[in-house]
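Just so it is clear, none of the values below were taken in a lab; they were calculated from the coordinates. Values in this document were obtained by computation on a predicted structure and should not be read as measured data. In this analysis, Cβ positions are derived from the backbone assuming ideal geometry, glycine residues included, and neighbour counts consider all displayed protein chains.
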Amino acid sequence: MRIWKVLLLACLIVSAGTWGAMAAQSPQVPLASKAIPKFVDPLPSLDAIVAGTDQIELQMTEFQAEVLPTGTFTPGVVPKTWVWGYLQPGQTTRASYLGPVIVATRGQPTEMKFVNNLGSAATTNVLAYKYSTDQTLHWADPLGDPDMKNKCNHMVMFPSPGEPDGCDQNYNGPVPAAVHLHGGEVPPQLDGGPDSWFTSDGSYQGHGFYSKDGNGLKNYSIYRYPNEQQGAPIWFHDHTLGATRLNVYAGLAGGYLIKDPVNDPANLPPLVPLVIQDRMFDTNGQLFFPADTAANLLWTPNPEHPYWVPEFVGDVIVVNGKAWPYLTVEKKRYTFLFLNGSNARTYEMFLIDPAGVATPPRMWVIGTDDGYLDKPVQVKKFTMMSGERYQVIVDFSTVPAGTNLVLKNTAKTPFPAGAAPIATTVGQIMQFRVNGNAVNDTTFNPAVAGATLRGGAGQGPAIMRLVNAATGALAAGVTAQKTRQLTLNEVMGMPQAAVNPVTGVLTNYPGGPLEILVNNTKWDGKRIVGVANGMYELLPRGDFPSGVSETPNEGDTEIWEIVNLTADAHPIHLHLTSFQLLNRQNFNVTAYTAAYNAAFPGGGYDPMTGQPYPVGVFIPGFGPPLDYNTGITRALGGNPDIAAFANGKKKYLLGAPTPPLPEEAGWKDTVIAYPGQVTRLAVRWAPQDVPIGTIGSYPFDPNGGDGYVWHCHIVDHEDNEMMRPTSVMPNLPPESRSYTDY
Ligand SMILES: [Cu+2]
């Protein structure tokens, strides 16, 4: 964090006061979540669509869903909440905003048509969207000048001279939407990344329209997903640049289960998806999203981004689109597919009998983000950040009928060292009502000694091991072609002066987070080098002039060392490929940060002083301090080597690396990077079960289109720069690929 000079506060007060006062205020009044009844309505089951050869059409539609429980406001009455969801043709409403779940089969492509019928922010009834869009972010901006996108995006808090009017107002045009298949091994043209959005009135960006039926004015994209990857509980959700947090919050998320009949474990207990999210509501039962303005005392005012909040956490837990539901279960085994679809909230989950009578049922993790484990892993609790999935078998056979178990949550916010959840509200997720007599359960029993899911007799092969999960080292026979050291950085804003709406006194507030970055690089790979005509000049760095710094070779195995320099954990997500967690290791953050800051070469433009940054001072958004490509191999990524010695005596790294938790030791696409640690990933740029060394690993050209991205899956972070493009260098010419029909 930087030390701010008092001298500059005088000029800030005028600008900040004006800027903050102009921002529109939501008329919504937040509803206290303790007033919402718990465990009143049953868990909604999500619509399932079994994919065949016919195209599946889903229409993004605004409708009223039944999110809050019966009797929240009036006894016997289910409140209606305006939401957005993916409806099928002919559907005009649905009880749950979530879904549907597409059930696809490995080897059979699925053609999806996604239609945007969301209309305009000016007329939407989803007030959380209407009052929370933030035009000061680097965002889709469909009304922006096509030659000068993101007209309001700026690095400093106050509008610079010549900046267009209205940047401090909410966006009022057609709603942009992009559909990403999270965990999907798909061509870059179909990835649905942040730059592939389209609107209901036919404007679009990127290759969203390079889909099967070509270009033209329309309100849909057609994606033909290959489904060539192993069986996995992946999902689809909105990914619009700078607005993902609001589109997903409004409801745009569904499931996508790939079944692999040859390799999936057989005879698993019945599957129940549990998509966990947190929300806030107003006193009319409508979705509420807090803005960061001074009048909203929930947050420190942050006039650089008047509506963006650093991490949204709601005070209501919603499962499958219903607040605090219950599920009636029989005395037998179930497979629960847990998916954390929240913006920022982490869940640390376990079952209890609140009456203190029944022993909680046993739980076994059998699958991670992108496939099954070889053996079930018994857990007492497990932790999920946003974007992660776990498949868990719970055996209720030992729980007495009539017991009402509660799924608890003890994860702190921000995770892992913030405030504990309130036990009576967000400290509980849902209820399981155990009912009936014991049944003769013949499904797979994870409690049997030596039980295997893969690799056993009559089962598919054990999963390919990049990592020896017991030691946290690369598996025998696996070598890494590159090691990248990539940092997570938080950039703090300037101190703010604004009128406290309660006291009426002009008050100086400390600067909040301005943006969050991966490898200190903004999403577009550019940096501020000076000021001309009142606007900031942006020029690419010499060491990645294309703006893309992570350009792995197809088929290579790389070690990504995520060096977390922030105070919080971040769920790091890679598109296209799945990876295995290698290990985590503590490091001396103070010593490393000092070396990191000292490596900056000076220059650029410091908006606090109006001067270039001195040598040896952190430059926000500069990129890594050293040249990205010519640093020593160990530190590829442009940062001081985390494994080097500081001042010739003390290592940055502390203690020994910790192997992944047993339940994490499968294929993942989203992993927790804790503060104070370097989190190492073994990333292979190839499908999971293609033999190492295969040329043309992917059935499609992984290069082209809009490319891919890697980012933090705290959606509020990815919406504010904590995301970077990746471009995979193919090792076969495009025309030689078998899968080209996209
Ligand atoms: Cu983050």
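Take each peptide in 378-386, 541-549, count the other Cβ atoms within 10 Å of every residue, and average; sorted highest first, the result is 378-386, 541-549.
Projecting label points 7 angstrom from Cα along Cα→Cβ for Ala419 and Asn284 puts them 2.7 nm apart.
Specify whether the C-alpha gyration tensor of segment 609-708 places it in the rounded, prolate or oblate class, a ≥ b ≥ c being the square roots of the eigenvalues: rounded for a/c under 1.5, otherwise prolate if a/b is larger than b/c and oblate if not. Taking the square roots of the gyration eigenvalues as a ≥ b ≥ c, segment 609-708 is oblate. Length gained on full extension, Ala462 to Thr74: 134.3 nm, using 0.36 nm per residue less the C-alpha separation.
How much length, in nm to one decimal, is gained on full extension between Val548 and Lys34, taken as 0.36 nm per residue of separation minus their Cα-Cα distance?
Separation in residues times 0.36 nm, less the Cα-Cα distance, equals 180.4 nm.
Could you rank the peptides 594-602, 83-91 by their average count of other C-beta atoms within 10 Å per residue, with the highest value first?
Top to bottom by mean Cβ count within 10 Å: 83-91, 594-602.
Protection proxy ranking for 609-617, 460-468, 133-141, using the average of other Cβ atoms within 10 Å per residue and placing the highest first: 133-141, 460-468, 609-617.
Rounded, prolate or oblate: pick one for segment 58-148, where a ≥ b ≥ c are the square roots of the eigenvalues of its C-alpha gyration tensor, a/c under 1.5 means rounded, and failing that, prolate if a/b is larger than b/c, else oblate. Because a/c hits 1.5 or more and a/b fails to exceed b/c, segment 58-148 counts as oblate. Computed from the C-beta positions of Val103 and Thr503 and an R0 of 60 Å, the FRET efficiency is 0.60 to the nearest 0.05. Its DSSP H runs of at least 4 residues, each contributing -39,500 (n - 2.57), put the calculated 222 nm mean residue ellipticity of the chain at -1500 deg cm²/dmol, to the nearest 500. Obtain the nm distance between the two label points defined at Ala438 and Val615 by a simple spin-label model: each point lies 7 Å from its Cα along the Cα-to-C-beta direction. The modelled label-to-label distance comes out at 7.7 nm. Rounded to the nearest 20, the Cβ-based charge dipole of the chain about its Cα centre (Lys and Arg +1, Asp and Glu -1) stands at 1940 debye. Between Lys381 and Asp689, the FRET efficiency from the beta-carbon distance, with R0 = 35 Å, is close to 0.70.
Here's the picture: charge each Lys and Arg Cβ at +1 and each Asp and Glu Cβ at -1 in the chain, and of Val709, Ala686, Phe587 the one pushed furthest to the positive end of that dipole is Phe587.
Using a simple spin-label model with pseudo-atoms 7 Å out from Cα toward Cβ, Thr328 and Ala646 lie 6.0 nm apart. Among the listed pairs Lys34/Lys130; Lys522/Lys668; Lys322/Lys522; Lys412/Lys482; Lys412/Lys650, those with a Cα-Cα distance over 30 Å are Lys322/Lys522; Lys412/Lys482; Lys412/Lys650. For a paramagnetic label modelled on Lys482 (point 7 Å from Cα along Cα→Cβ), amide N atoms under 20 Å away belong, within segment 554-596, to 554-564, 572-583.
Contour minus end-to-end for Lys218 and Tyr739, with contour as 0.36 nm per residue of separation and end-to-end as the Cα-Cα distance? It would help to have the intermediate numbers written out before the result.
On the way: separation 521, 0.36 × 521 = 187.56 nm, distance 2.56 nm.
Difference between extended and current length: 185.0 nm.
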